[in-house]
1. Could you go through segment 127-142 and let me know if any residue there is surrounded by fewer than 24 Cβ atoms within 10 Å (Cβ to Cβ) and under 22 Å from Asp336 (Cα atoms).
2. Being surrounded by fewer than 19 Cβ atoms within 10 Å (Cβ to Cβ) and in a loop (DSSP other than H, G, I, E, B) is the filter here; which residues of segment 336-358 pass it?
3. Output the number of the condition that His185 fails; it satisfies all remaining conditions of (1) over 27 Å from Cys133 (Cα atoms); (2) touching a strand residue (DSSP E or B) at 6+ places or on another chain (Cβ under 7 Å); (3) not hydrophobic (A, V, I, L, M, F, W, C); (4) not in a loop (DSSP other than H, G, I, E, B).
4. Could you run through segment 53-92 and say how many residues are touching a His at 6+ places or on another chain (Cβ under 8 Å), buried (at least 21 other Cβ atoms within 10 Å of the Cβ) and hydroxyl-bearing (Ser, Thr, Tyr)?
5. Counting only residues that are within 19 Å of Ala47 (Cβ to Cβ) and either modelled with pLDDT of 95 or more or part of a helix (DSSP H, G or I) (or both), how many does segment 258-301 have?
6. Could you list, in sequence order, the residues of segment 440-451 that are hydroxyl-bearing (Ser, Thr, Tyr) and under 17 Å from Ser392 (Cβ atoms)?
7. Please work out if Leu95 is touching a strand residue (DSSP E or B) at 6+ places or on another chain (Cβ under 8 Å), of a type outside the set (S, T, N, Q) and in a helix (DSSP H, G or I).
Amino acid sequence: MNSPRFTRHLRPLSAFALALAAASTPTVSATASPSPPPPRSTPPASAEIPAARDARMAWWREARFGMFVHWGLYSGLAGNWDGKPHATKGGMEWLQKFVQADSATYAAAALPLFKPAPDFARAWARLAKEAGCRYLVFTTKHHEGFALHDSAASDFDAGSVLGRDLVREIVDACRVEGLRVGFYHSVIDWHHDQYDYPRAKGLPHPLGNSPELAGPRDHADYIDFLHAQVNELISRYGTVDVLWWDFSSRDFQGDTAWRATELMAKVRARQPAIIMNNRLYAASTVHSGGDEHKEFDTTRGDFSTPEQRIPQNGLPGVDWETCMTLNGTWGYSEHDHAWKSDRTLIRNLVDIASKGGNYLLNIGPKGDGSLTPETVASFRAIGAWLRVNGESIHGTTASPFTAPLRWGRATAKDRDLYLHVFDWPADGRILVPLTPDGAEATGAALLSAPGTGLVVETTPAGLVIHLPPTAPDPDVSVIRLSRPAPHPSVR
């Protein structure tokens, strides 16, 4: 694989230099693992046979639940600027954009507040494992441009500032807990002096139309830098399971913006089994809702990423993953207390799985890497529910029922249906709308009481399951319905 051309961007900015000096975290020696030889190149995605794609996607489709982590310089700012709260809600990872700060000013304010504790990554990974997550995706670099690894392509990175490779620390902690590892990487970069914002129509920049952005910029130089940092990430840390790109616009995407075809080929050459999302290209309906599955192209990415919403009918024929926050922000804010309830989070997980998607639930650690009590409590609540009901989520496929179920949701696995009851019936009965030729059942039982069978009655309308008077779980109770045939006919 040809190495990309790049320039080490050492910026002689006095404020930036002062900010570097002000970062008082104790220095720890950073040792980069030697790059393994690249594996033999795989065919481009367009040439991948369906069976090979299915094998590559299998673990991800079975996982159903992952942890997302937004963590960077913005985390130490905690939603504040110039000693005052900036806002009580909104994505605080965008704080530099909101306050319209240039890179030197932003770095001077943020770097002294970003002080990762020694064991921060271990706490994240243990919580993810306890919650029942099967993978963890974290920000290696967000739009602010600060990289969490020790990069030879920049001085605006954890290696230069802290003497630490934070990516290595997170990857190692995840592997100890048996988690798959994913890298979020922003293709936008507000710090790089050749990132051509004036060309990047529809993509944000803190300085907007400021005269400071005027003058020639060599975006090709920035693309070389982007490719260089990605090459470092895919070469130093062993197997990388997910690469989560962010993001493009209709007017600036793909090969024009990022040399996307070349970038994806380089990633696949190093990491043949990796799974990538499709945000190197624009997906106009990611935020607004709609039929993004009609535009989905597997040569542009393996899965789609609806954000902060669950598609009403899923995305038929498309691998997809809903990413959501615990409150109203991705990056940490000490002012945002709009925490979702445990019931909402658990029901979101069930709803997404019932539609064939994955749930990537975000945490926003503080500048030292610690987590709020609310974050820990929420993930532990999901984990407690999954310890009883996990077989109804992990490794399941979407509900076979096309019409909504009045009482809740359903998932499927081999011969079994899993019936997730949101609204416990006052009359003690739920109707499962299986037609007579598919209505035979070998048994039904609550997952919370596996040794106790439920009465199943066959009626012209389908199966009626008789339930105890009280729901065993106040949020979602699950019934396993076993059947002799793996694919029943449904209404």
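1. Yes, some residue in segment 127-142 is surrounded by fewer than 24 Cβ atoms within 10 Å (Cβ to Cβ) and under 22 Å from Asp336 (Cα atoms).
2. Answer for segment 336-358, where residues must be surrounded by fewer than 19 Cβ atoms within 10 Å (Cβ to Cβ) and in a loop (DSSP other than H, G, I, E, B): His337, Ala338, Trp339, Lys340, Ser341.
3. The single condition His185 does not satisfy is (1).
4. 1
5. 24
6. Ser448, the sole residue that qualifies.
7. So Leu95 fits the description; yes.
Per-residue answers, yes or no, for (1) modelled with pLDDT of 95 or more; (2) more than 21 Å from Arg164 (Cβ to Cβ); (3) acidic (Asp, Glu); (4) part of a helix (DSSP H, G or I):
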| site | (1), (2), (3), (4) |
| --- | --- |
| Pro36 | no, yes, no, no |
| Asp54 | yes, yes, yes, yes |
| Trp59 | yes, yes, no, yes |
| Phe68 | yes, yes, no, no |
| Pro112 | yes, no, no, yes |
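The values are calculated or read from the model by the stated rules, or taken from the named source; none is laboratory data. Worth saying up front: this structure is predicted, and the values here are computed from it rather than measured. Cβ coordinates were reconstructed from backbone atoms using ideal geometry, including for glycine residues, and neighbour counts include every protein chain displayed.
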